[in-house]
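Asker: So that we are looking at the same thing, I have put the structure below in C-alpha cells.
The values are calculated or read from the model by the stated rules, or taken from the named source; none is laboratory data. Note that the structure is a prediction, hence the values are computed from the model and not measured. No Cβ is skipped: glycine too gets one built from the backbone with ideal geometry, and neighbour counts run over all protein chains shown. Note: areas computed on protein heavy atoms with side chains; ligands, DNA, RNA excluded. Shrake-Rupley method; radii C 1.70, N 1.55, O 1.52, S 1.80 Å.
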Amino acid sequence: MILNHIWGLYTDPKKEWHTIERRHESLMYSMVHILTIALIPAICSYFAAAHIGWTIGVGDPIKLTQASAMTMSVGMYFGLIFGVIGLAFLIQWMAKTFDAKPDFTQSLELAAYTATPLLMVGVTALFPVLWFVTLAGLAALCYSVYLLYSGVPIMMNIPEEKGFIYSSSVVTCGLVLLVSLMAFSAIMLGMGFGSEYIS
C-alpha cells in the first residue's frame, strides 16, 4: 500500500523510521508516495481559490477564475514535487560530510516522509482563512522538522550527535530551497503569469 507508513509516522515516528529503514522500498514506491500526497494541497487550493474564496482579514472572500486557479494549482503540484526531489538530492549530497553513504532511494524516502505532514496540511485550504491555514502550516512545519531530526540518524545509519548536525544542515538547505522556489514564483508572476480575480 502506497501510504502505509503515514499512520506510523504520526503515532510512533522512531519505530516507523526503523520499519522504513529495514524495508527500503523501491525508488518508484517513494515517487508514487510523493505524487499522491502532493495532490492534496494542489486539489484543495484549487477548490478554495476557484469556488470558496480566500478570506484575508475583513472583507469579501477573494476568488480566482477557474482557469487561473487551475494554472496555479498545477504549478504548485509540480513545484512541490520538484522541492521534495531537490531536498533528496541535498540530503544525498551532504551525506559524505557526515560519514553516511545513502543511495538516492534512501535520500528520497527520507525527504518524502519528512515532507508528508507539510503536504497533508494542504487539506486546511478547504477552510481558506489565512490565519487558520498559517497556524496549521506552522504546526506541520514543526512536525516535519521533528520527523527529520528523528529520522536522519536511523535512515543514514549515523550516531545521533552527527544526525543532529546533519539534520540542521538539511533544514538550512531546505529553507534556501524554499526561498528559491518562492523567488521563482515571484519571477513567473512578474513575467505575466499572474492571477485573474473574480470581482
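Asker: Residue pairs, Cβ under 8 Å, 6 or more apart or interchain, first in the stretch 104-115 and open to solvent by 10 Å² or more (accessible area, probe 1.4 Å), second hydrophobic (A, V, I, L, M, F, W, C) and not in a helix (DSSP H, G or I). List them.
Answerer: Pairs that qualify, where the first residue is open to solvent by 10 Å² or more (accessible area, probe 1.4 Å) and the partner is hydrophobic (A, V, I, L, M, F, W, C) and not in a helix (DSSP H, G or I): there are none.
Asker: Test each condition in (1) touching a His at 6+ places or on another chain (Cβ under 7 Å); (2) open to solvent by 50 Å² or more (accessible area, probe 1.4 Å); (3) hydrophobic (A, V, I, L, M, F, W, C) for Ile20 and report the one that comes out false.
Answerer: (2)
Asker: Which of the residues belonging to the stretch 158-171 are open to solvent by 20 Å² or more (accessible area, probe 1.4 Å) and within 15 Å of the chain's Cα centre (by Cα)?
Answerer: Hit for the stretch 158-171 is Val171, nothing else.
Asker: Is the stretch 144-157 home to any residue that is without any contact (Cβ under 8 Å) to a residue 40 or more places away in the chain and surrounded by fewer than 17 Cβ atoms within 10 Å (Cβ to Cβ)? Spell out the reasoning first.
Answerer: Start the filter on the stretch 144-157 by keeping residues that are without any contact (Cβ under 8 Å) to a residue 40 or more places away in the chain, which leaves 144-145, 148-149, 153.
Remaining after also requiring surrounded by fewer than 17 Cβ atoms within 10 Å (Cβ to Cβ): none.
No, the stretch 144-157 contains no residue that is without any contact (Cβ under 8 Å) to a residue 40 or more places away in the chain and surrounded by fewer than 17 Cβ atoms within 10 Å (Cβ to Cβ).
Asker: Considering only residues that are of a type in the set (A, V, I, L, M) and assigned to a helix (DSSP H, G or I), which ones fall in the stretch 19-45?
Answerer: The first filter runs over the stretch 19-45 and keeps only residues of a type in the set (A, V, I, L, M), leaving 20, 27-28, 31-32, 34-35, 37-40, 42-43.
Listed by number, the residues that qualify are Ile20, Leu27, Met28, Met31, Val32, Ile34, Leu35, Ile37, Leu39, Ile40, Ala42, Ile43.
Asker: Could you go through the stretch 43-66 and let me know if any residue there is among the β-branched types (Val, Ile, Thr), more than 18 Å from Val121 (Cα to Cα) and surrounded by fewer than 14 Cβ atoms within 10 Å (Cβ to Cβ).
Answerer: Yes, the stretch 43-66 contains a residue that is among the β-branched types (Val, Ile, Thr), more than 18 Å from Val121 (Cα to Cα) and surrounded by fewer than 14 Cβ atoms within 10 Å (Cβ to Cβ).
Asker: Hey, another quick one. For the stretch 46-66, check the following and say yes or no: at least one residue is among the hydroxyl-bearing types (Ser, Thr, Tyr), modelled with pLDDT under 85 and assigned to a helix (DSSP H, G or I).
Answerer: no
Asker: Right, something else. Which members of the stretch 72-82 meet the condition of being within 16 Å of Phe184 (Cβ to Cβ), buried (at least 21 other Cβ atoms within 10 Å of the Cβ) and either of a type outside the set (A, V, I, L, M, F, W, C) or in contact with a Gly (Cβ under 7 Å, 6 or more places away or on another chain) (or both)?
Answerer: Of everything in the stretch 72-82, nothing turns out to be within 16 Å of Phe184 (Cβ to Cβ), buried (at least 21 other Cβ atoms within 10 Å of the Cβ) and either of a type outside the set (A, V, I, L, M, F, W, C) or in contact with a Gly (Cβ under 7 Å, 6 or more places away or on another chain) (or both).
Asker: I'm checking my understanding of the structure. Among residues of the stretch 85-95 that are open to solvent by 10 Å² or more (accessible area, probe 1.4 Å) and not aromatic (Phe, Trp, Tyr), which one is farthest from Ala42 (Cα to Cα)?
Answerer: Met94
Asker: Against the conditions (1) under 20 Å from Ala88 (Cβ atoms); (2) open to solvent by less than 70 Å² (accessible area, probe 1.4 Å), where does Leu39 fall short? Just the number, please.
Answerer: (2)
Asker: (1) at pLDDT 90 or above; (2) of a type in the set (A, V, I, L, M, F, W, C); (3) open to solvent by less than 50 Å² (accessible area, probe 1.4 Å); (4) farther than 18 Å from Ile40 by Cα: which one isn't true of Phe98, the others all being true?
Answerer: Just one mismatch for Phe98, condition (1).
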